[in-house]
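Nothing in this text is a laboratory measurement; each read-out follows from the coordinates by a stated rule. Everything numeric here is computed off the predicted structure, so don't read it as measured data. Neighbour counts are summed over all protein chains in view; Cβ atoms, including those assigned to glycine, are modelled from backbone coordinates with ideal geometry.
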Amino acid sequence: MRARTLAATAVVLVTAACTANTFDNPKVTELIVSPKSVNPGEAVTFRFKLEYGGPWNDIRSIELTGLPANTLAANTVTTINVPAAAGEIAETVILINKPAKDGVYPLKFKVTVRNSPGVNIGAVGPLTINDVPGSFQFASFEPASHSIGACPGRLKFITLKYLASDENGATDVTAPKIVGVEPAGLFDAPLALRTPKNPNVIAELVTTPVAVNCNARAPQVWQWTLAATDIDTPNESQSPVPLFITEYVTSP
């Protein structure tokens, strides 16, 4: 009889302990996100209240999730201030560091509660990060000239360099090309320009090896135009990057 009573008491204690530590997940109320559309480098403000049925000090942290990977790599802070108590408003300003890939992002709050892993507690977004037009900061051959008489053989190997810039990430500048007809007789083969590869930088220096004909017409100033396309993710479109014109000179 005594053993049966002890067992029953143990069951009651375990059940009570489980009940005491079981609460609904925290719930965000009266949420205001402003603005809902930003450029890279601008700030977003989050104001909200939090409902929770357990002890308030159980709430360890709140984190904003869902931002693009490259702004996180640029050390955008994602910590959200926890309200001081139930029913009180908390406000946090998050600066969207550059670069930030353009697009529409369904943001969420992730709350960590004592003795529980972080749980998502509902949608916060969507937040639109706008497209910022890309550009060429410079473009040039290195070296930018040669003398026919000083050429060592049939071909001279040089480098075409350009600096692609975009606050959404350098890889938003795509499909670089020479616009129009390439100067006849200068290049040994049509140019196949390399593209930016790093989405985590605003500007990337891109180099392409080029072979020019040593016996190209001289004297001559060869003028060429570099063009590319900028990706606009929110509008599902593409737009031209402003043209960049530079020169190559051959002399006798």
(request) Assuming R0 = 35 Å, can you tell me the calculated FRET efficiency for the pair Ala86 and Ser239, based on Cβ-Cβ distance, to the nearest 0.05? (result) 0.10
(request) Could you tell me which label, among (1) 1.15; (2) 1.03; (3) 1.31, carries the value of Rg/Rh (Cα atoms, Kirkwood Rh) calculated for this structure? (result) (3)
(request) Return a whole-number percent for the relative contact order of region 135-251, with Cα pairs under 8 Å and 6 or more residues apart as the contact set. (result) 34
(message) Taking only the Cα atoms of region 135-251, how large is their convex hull per residue, in Å³?
(response) 91
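Which is the longest run of the chain containing none of the GluC sites (Glu not before Pro) found in DSSP loop states (not H, G, I, E, B) with at most 13 other C-beta atoms within 10 Å?
Result, exposed sites excluded: 89-235.
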(message) Under 19 Å between alpha carbons: how many lysine pairs meet that in the chain, if sequence neighbours fewer than 8 apart on the same chain are excluded?
(response) 14
(message) So the label point goes 7 Å from the Cα of Glu30 along Cα→C-beta, right? Which residues of region 63-90 then have their backbone N under 17 Å from it?
(response) 81-90
(message) Charges on Cβ only, +1 for Lys and Arg, -1 for Asp and Glu, centred on the Cα centroid of the chain; of Leu67, Pro242, Ala170, which one is farthest towards the dipole's positive end?
(response) Leu67
(message) Run the helix sum for the chain: -39,500 (n - 2.57) per DSSP H stretch of 4+ residues, divided by residue count, reported at 222 nm to the nearest 500 deg cm²/dmol.
(response) -3000 deg cm²/dmol
(request) Using only the Cα atoms of region 72-121, construct the convex hull and provide its projected area averaged over every direction, in square nanometres to one decimal. (result) 4.8
(request) For Asn198 and Ala150, calculate 0.36 nm times their separation in residues minus their Cα-Cα distance, and state this gained length in nm to one decimal. (result) 13.5 nm
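Assign one of three labels to region 25-129, namely rounded, prolate or oblate, based on the Cα gyration tensor with a ≥ b ≥ c the square roots of its eigenvalues; rounded applies when a/c is under 1.5, prolate when it is not and a/b is larger than b/c, and oblate otherwise.
Note, shape of region 25-129 comes out prolate.
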(request) Let me have the relative contact order for the chain, percent, based on Cα pairs under 8 Å that are six or more residues apart. (result) 17
(request) Using a 10 angstrom cutoff on alpha carbons, build the Gaussian network for the chain and name the most mobile of Ser34, Ser116, Ser165. (result) Ser116
